[in-house]
Amino acid sequence: ADTDPQHYFTALIEADQKIEPRDWMPDAYRKTLIRQIAQHAHSEIIGMQPEGNWISRAPSLGRKAILLAKVQDEAGHGLYLYAAAETLGVTRDELVELLLTGRQKYSSIFNYPTLGWADVGAIGWLVDGAAIVNQVPLCRCSYGPYARAMIRVCKEESFHQRQGYEILHRLASGTPAQRAMAQDAVDRWWYPSLAMFGPPDTDSTHSQQSMAWKIKRFSNDDLRQRFVDMCVQQAGVLDLRLPDPDLRWNEQRQAYDYTQPDYAELMRVISGDGPCNRQRIDHRRRAHADGSWVREAAAAYTAKRQREDRP
Ligand code: FAQ
């Protein structure tokens, strides 16, 4: 029998089977997964900040409870994803350190400010909407722990997306001032949401290899197109305008033509020079330092249980 691990790995990928933590895998596959899953985990955790900003100012107790639950869900997604990354042989401490020292990225989208309540609606509709389009295919990712984590995450993201859509729907059918607020939020979040899908295919360094490994199932541009087509319909129902004068149906392509986001801006934001990069990382560093007593207490408790030989 063929016992070459590389052959076995390739055969599993070709047969659409899952790679599991104990399976042999090429170093580059492991590295790519750690990079993507860690970046994804960091995004969930940093992504709590823009909406967390509105928990204390939500317009009613009901809205506050919903938003609180939503932001807590994001923390849960982050923890799931760190756990998935740990199956690849890195520790959570190492990953947190890489984030706090700027050596690992998080999504560009969370470097934009939330200026009003309607932004919470726009984030739910557009940012969680984009996350779903990107993550549903990741449920079929070749790496088992990541694929399985994505199933639950996507279910929760669907609730988040509806939650945001409902906020915008209420505002859009409210007073002229509320409508204007909703439109302003959509105007500001549209292009940053399109940029979440990453650079265009021609500039995407990892896509080809990640698609061959079946980590990614579709290219950045394919997913971006899918997102645009979905949003046009939904904006119609909201009776809000997407801020793109060149958005129109292309009969031949059976898809909408649209204006690309400013990729130079995406690169600036990714490299640390977006509107809120400093604030986001400073806040995370502070929160991490403030939480050190909890980690120390948990470690001391575990050590004590072990000394007493209890589970
Ligand atoms: N931001 O070669 P590619 C959420 C980097 S959703 C920052 O195309 P790849 C839910 C990329 O890392 C957001 N960096 O890369 C939520 C690479 O740099 P590197 C998180 C970006 O990996 C909602 C370089 O550019 N979702 O959190 C971005 O094949 C509300 C070249 O790019 C995920 O992370 C960007 N937008 O494709 C939470 C999904 N785009 O590493 C709270 C999983 C690209 O070589 C509130 N990730 N880069 O230094 C993915 O699907 C992929 O990693 C892509 C990028 C599609 C993001």
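Longer than 31 Å from Cα to Cα, which of K70/K105; K155/K304; K64/K214; K105/K304; K105/K155 are they? Say none if no pair is. Can you show the working numbers first?
On the way: K70/K105 23 Å; K155/K304 38 Å; K64/K214 40 Å; K105/K304 36 Å; K105/K155 25 Å.
Too far apart for the 31 Å limit: K155/K304; K64/K214; K105/K304.
Please compute the volume of the convex hull spanned by the alpha-carbon atoms of the stretch 1-145 and report it per residue in Å³. Walk me through the intermediate numbers first.
Numbers: hull volume 16.8 nm³, N = 145.
Output value, Cα hull per residue: 116 Å³.
Let me check against my output: what whole-number percent is the relative contact order of the chain, with C-alpha pairs under 8 Å and at least 6 apart? Could you put the intermediate results ahead of the total?
Values: 357 pairs, mean separation 56.2, N = 311.
Result for the chain is 18 percent.
When only C-alpha pairs under 8 Å and at least 6 residues apart count, what is the relative contact order of the stretch 26-137, in percent? Don't jump to the answer; show the numbers that get you there.
Working: 84 pairs, mean separation 41.0, N = 112.
Reported as a whole number, the value is 37 percent.
Among M150, A75, H7, whose Cα sits farthest toward the positive end of the charge dipole of the chain (+1 at Cβ of Lys/Arg, -1 at Cβ of Asp/Glu, about the Cα centre)?
A75
Treating only the Cβ of Lys, Arg, Asp and Glu as charged (+1, +1, -1, -1), what charge dipole size does the stretch 73-140 show about its Cα centre? Round to the nearest 20 debye.
Working: 4 positive and 8 negative charges, 48 e Å.
The dipole magnitude comes to about 220 debye.
For the stretch 18-113, state which trypsin sites (Lys or Arg not before Pro) are in a DSSP loop and have at most 13 other beta carbons lying within 10 Å of their beta carbon. Numbers along the way, then the final one.
Details: sites: K18, R22, R30, K31, R35, R57, R63, K64, K70, R92, R103, K105; in loops: K18, R22, R103, K105.
Taking the stretch 18-113 and a limit of 13 other Cβ atoms within 10 Å, the loop trypsin sites (Lys or Arg not before Pro) found are R22, R103.
So if I place +1 on the C-beta of Lys and Arg and -1 on the C-beta of Asp and Glu, and nothing else carries charge, what would the dipole magnitude of the stretch 9-92 be about its Cα centre? I want it in debye, nearest 20.
On the way: 10 positive and 10 negative charges, 86 e Å.
Charge dipole, the stretch 9-92, about its Cα centre: 420 debye, nearest 20.
Under a point-charge model restricted to the Cβ atoms of Lys and Arg (+1) and Asp and Glu (-1), what is the dipole moment magnitude of the chain relative to its Cα centre, in debye to the nearest 20? Could you put the intermediate results ahead of the total?
Working: 39 positive and 40 negative charges, 200 e Å.
Dipole about the Cα centre, nearest 20: 960 debye.
Quick note: the coordinates plus some simple rules give every number you see, no bench work behind them. Everything numeric in this text was worked out from a predicted model, so none of it was measured. Methodologically, a virtual Cβ is constructed for each residue, glycine included, from the backbone with ideal geometry; neighbour enumeration extends over all protein chains shown.
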